1. Return a whole-number percent for the relative contact order of region 10-144, with Cα pairs under 8 Å and 6 or more residues apart as the contact set.
2. What's the whole-number percent of alpha carbon pairs in region 58-210 lying beyond 24 angstrom?
3. Want the number for GLN326 to ARG499: 0.36 nm per residue separation, take away the alpha-carbon distance, what's left?
4. Taking amide H atoms as placed 1.01 Å from N in the peptide plane, list the residues 5 or more away in sequence, or in a different chain, whose amide H sits under 5 Å from that of LEU41.
5. Count neighbours as other Cβ atoms within 10 Å of each site's Cβ, and list the trypsin sites (Lys or Arg not before Pro) in region 334-365 that are DSSP loop with at most 13 such neighbours.
6. Would you mind telling me the antiparallel percentage of the DSSP bridges in region 370-510, rounded to 5?
7. How big is the chain in terms of Cα radius of gyration and Dmax, in angstroms?
8. Once you wrap a convex hull around the alpha carbon atoms of region 183-333, what is its projected area averaged over all directions, in nm²?
Amino acid sequence: MKASDLFVRALEAEGVEYIFGIPGEENLDLLDSLSRSSIKLVLTRHEQAAGFMAATYGRLTGKAGVCLSTLGPGATNLVTAAAYAQLGAMPMLMITGQKPIKTSKQGHFQIVDIVDMMRPLTKYTRQIVSADNVPSRVREAFRVAEEERPGAVHLELPEDIAKDPSDAHVMEASKVRRPAADDKSIRIATGLIEKAKRPLLLVGAGANRRLCCKMLRRFIHQTGIPFFTTQMGKGVIEDTHELCLGTAALSSNDFVHRAIDAADLIINVGHDVVEKPPFFMTPGGVKVIHVNFTTAEVDPVYFPQVEVVGDVAHSVWRLGNEVRPQADWDFKRFQEVKFALEQNQEAHADDDRFPLTPARLVAEVQAVTPDDGILSLDNGMYKIWFARNFDAHQPNTVLLDNALASMGAGLPAAMAAQMVHPDRFVMAICGDGGFLMNEQELETAVRLKLNLVVLILNDSGYGMIKWKQEAEGMTNYGLDFTNPDFVKLAEAYGARGHRVESTEALRPLLKKCRDTPGVDVIDCPVDYSVNVPLLNEEIPKLAAAL
């Protein structure tokens, strides 16, 4: 068979359901092979969006999502998505085409060294130079993408190699058990936890990847140790749990940081320094136990004293078996912090001003979102508010990026989530700036007949940077723009468009869109003038007074 047929069979053997992307002439043999495959090609309108969709598929399933582009500009359009998957620990395979490598009739037209370009952004990147190597290259790519720490990989299939014949056979994945932490590290960690007076548990993104919620829930139940989460660890244990102290949406000066200040030991499960710090370590300060699949990357703000390295769920299970609750543990301070945070959230959730304030916006979305509903957040000011105020009930139900923090991912990520979970409510929440970076994918969503709500938060500016600019005492400059009519734009793509005219109108509109099949786009004005007074002044002052 020709190499492109072999390539597709190798993908089928890996359980690939979808390939997201835009083919070019260098992919035509692969496209021909896909036409006879069980794999569905999802044609997008931009390669970046295809990459975001593939990465999100990987994030939700644990299996590498696959995206496709041609050579040159098609491949360079995947760069941001590669970094998104790599920093966010989302398994993804990128397949790109290339001109023939054995003979050339077009000089260097459109040729860029894509393999070298992808090297710093991926775990593995290779050009396939022989048809017989296809099975081993594909198997290795999936192995590397999916093993801890997951990330992006890349294969380049040149046009002439794709046509070459081969008698090679597809390889099957081997059965692998992840290594467990050794007994000595478990004993050391257990001793530290039992000797502590105010131990505190942190749940990070690594616990969200491997669905460690069962073991973490068991550990919390057995020990009674309170916990908080990073932004990407939200939902591993429900935010409404009586021992949950909230999410570290900011790096300092929030209520949760008063609990961190009071702790004398933090058990850090699944966090690494790629995610924006949930707290800052200082020499002589709180001790930290690092529980993760891999050793800690040392950083000026993160240098754990003890490491438990191995399968996270197994490590947490072992610690749960070994740790005995101590009579002198004192969690009173943690509960004071929890109460103060809840009081602060409630105080702003019923603000009737219009345009909507961020806290009221979160409350309205919370009211209509089922426990298994999925929110896909683009990157913007609202991300902090949702991370801080929204209660997640299940793993991977608040999809946000706190690693690369790229704009433009919210809509494509929501589309992938709806494809993985077609029976669940999915809402993309985007700022006007981020939405317009990939708004063309509305056509893709309509064409695929997805059920999707897209909530656009309209402030006619780059709100997060304006917040930083104002907090620095600088003049408002260079961050304001005008927007199209989002209602008419949605209708032009075949979606339904809506505009929020009052604060009280948002909730019934969200309910209507939630319960109506199809794609709905909501233009919702938002008022970010409260950001500096609340996040930079009121909340730090109230937290400091605790």
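Every number here is computed from the coordinates shown, using simple stated rules; none is lab data. Small disclaimer: the values here were computed from a predicted structure and weren't measured. We place every Cβ from the backbone using ideal geometry, glycine too, and count neighbours over all the protein chains shown.
1. With pairs under 8 Å counted, the relative contact order is 24 percent.
2. 46 percent
3. In short, 56.7 nm is gained.
4. ILE19
5. ARG353
6. 10 percent
7. Values for the chain (Cα only, Rg and Dmax): 24.2, 79 Å.
8. Convex hull of Cα atoms, orientation-averaged projection: 7.8 nm².
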